[in-house]
Amino acid sequence: MTFSDWLRADRLPHIFCAGCGNGTVINCTLNAVDQAGLEKEETVFVSGIGCSSRAPGYIVTDSLHTTHGRALAFATGIKMANPALSVVVFTGDGDLAAIGGNHFIHACRRNIDLTVVCMNNMIYGMTGGQGSPTTPRMALSTTTPYGSAEPAFDLCELAIAAGANYVSRWTSYHVKELTRAILAGLRTPGLSFIEAMVQCPTNFGRRNRYRQPLDQVEYFKTHGMLVEKVRRLQEEGQEIPPETIVLGELARRNRPAMGVKT
Amino acid sequence: MKLVIDEKRCKGCNLCTMVCPYKIYKPGKKPNERGIVVPELDRPERCPNCRLQALYGRTLCGMCQMICPDQAISWVEEKPGEKKKVAIEF
């Protein structure tokens, strides 16, 4: 079986723009789910509202397309009602960090056995490019036409601080590593949070000098730095280049978890 | 096995041209009937998956298939009797 067996072929092509990274993250997630050997009847995909949350509609398993930001709350309910199910949550940055911020930190605190895949495109893509909590400083969007003045959220640090068991960050360029991270997340009991940085050529790239999808993927390729190297540079007292995206497995620990399959 | 791009799914983002280590994908020139410039294949028989997928029983590199946001790239079985091209690289 390959990951393409998990897709609803009659629903494709999907509505994502040309070059949108969400499709890549769907591929990686399905590949990881396939490699983990999960059954289609025992897997549930949950999502909220947004571009990224269209994803479960293209997957053959049972899925829930829920209200804005409440994907984790619904997923908690599923997991508590039937711990035998494997629950994967697709969510975007606006869904997870802005509207569902409180659900996110409390899901991390409770450490429920979910796998949360956050497709962070650094903007509200579906509604026309408004600035989100993860829009980087000085990035342009329709609500920040002179550059975002606020510091951005670091979702991985937030998940670590709130107590998630497995946290890692990759981009849509690092497909093999992202697959491996999601597989590790599926196998780890407790909440696994995988942040996938994705390109948004239509709303983020167009305003921020990445007019082609390739430009932003090239940016991920050149500015990504492994967390081991970042820690080594910090120990040596060297300066980390600005705009670096810290990649890799940021946390793995064994806190007591809720709703683990027995 | 044969490398194919599904023209019904491809949206012409050219991400495959960036990741292929063999540079098999070239940006296309002509739009198809849907108005999308689908990448062209430059000697796809060089792809290791075409030759060795059946032998190893798994997908070998598969970067293009994984990064394709539109799930347009796949390998299909050749029909019996179909002419095969063999590329030799020096």
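Summary table
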| quantity | calculated |
| --- | --- |
| Some residue of the range B:31-45 being farther than 26 Å from A:PRO213 by Cβ, under 10 Å from the mean Cα position of the chain (by Cα) and not hydroxyl-bearing (Ser, Thr, Tyr) | yes |
| Enumeration of residues in the range B:24-65 that are modelled with pLDDT of 90 or more, surrounded by 12 or more Cβ atoms within 10 Å (Cβ to Cβ) and either in contact with a Leu (Cβ under 9 Å, 6 or more places away or on another chain) or on the phi > 0 side of the Ramachandran plot (or both) | B:ILE24, B:TYR25, B:LYS26, B:LEU41, B:CYS64 |
| Number of positions in the range A:1-40 that are touching a Phe, Trp or Tyr at 6+ places or on another chain (Cβ under 8 Å), within 20 Å of A:CYS118 (Cβ to Cβ) and in a loop (DSSP other than H, G, I, E, B) | 1 |
| B:PRO80, sole failed condition from (1) more than 14 Å from chain A (Cβ to nearest Cβ); (2) surrounded by 19 or more Cβ atoms within 10 Å (Cβ to Cβ) | (2) |
| The lone exception for A:LEU12 - which of (1) under 14 Å from the mean Cα position of the chain (by Cα); (2) within 13 Å of chain B (Cβ to nearest Cβ); (3) not basic (Lys, Arg) it fails | (1) |
| In the range B:1-53, the residues that are away from chain A (no Cβ under 14 Å), aliphatic (A, V, I, L, M) and in contact with a helix residue (DSSP H, G or I) (Cβ under 7 Å, 6 or more places away or on another chain) | B:LEU3, B:ILE24 |
| Filtered residues of the range A:23-44 (kept if more than 7 Å from chain B (Cβ to nearest Cβ) and in contact with a His (Cβ under 9 Å, 6 or more places away or on another chain)) | A:ILE26 |
| Count of the range A:232-262 residues which are surrounded by fewer than 13 Cβ atoms within 10 Å (Cβ to Cβ) and outside any loop (DSSP other than H, G, I, E, B) | 3 |
| Members of the range A:50-64 found to be more than 12 Å from chain B (Cβ to nearest Cβ), assigned to a loop (DSSP other than H, G, I, E, B) and out of contact with any Lys or Arg (no Cβ under 9 Å at 6 or more places or on another chain), listed by number | A:GLY50 |
| Filtered residues of the range A:76-124 (kept if assigned to a helix (DSSP H, G or I) and either among the acidic types (Asp, Glu) or more than 18 Å from A:ALA257 (Cβ to Cβ) (or both)) | A:ASP93, A:GLY94, A:ASP95, A:LEU96, A:ALA97, A:ALA98, A:ILE99, A:GLY101, A:ASN102 |
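The values are calculated or read from the model by the stated rules, or taken from the named source; none is laboratory data. All of these numbers come straight from a predicted model, not from anything done at the bench. Cβ coordinates were reconstructed from backbone atoms using ideal geometry, including for glycine residues, and neighbour counts include every protein chain displayed.
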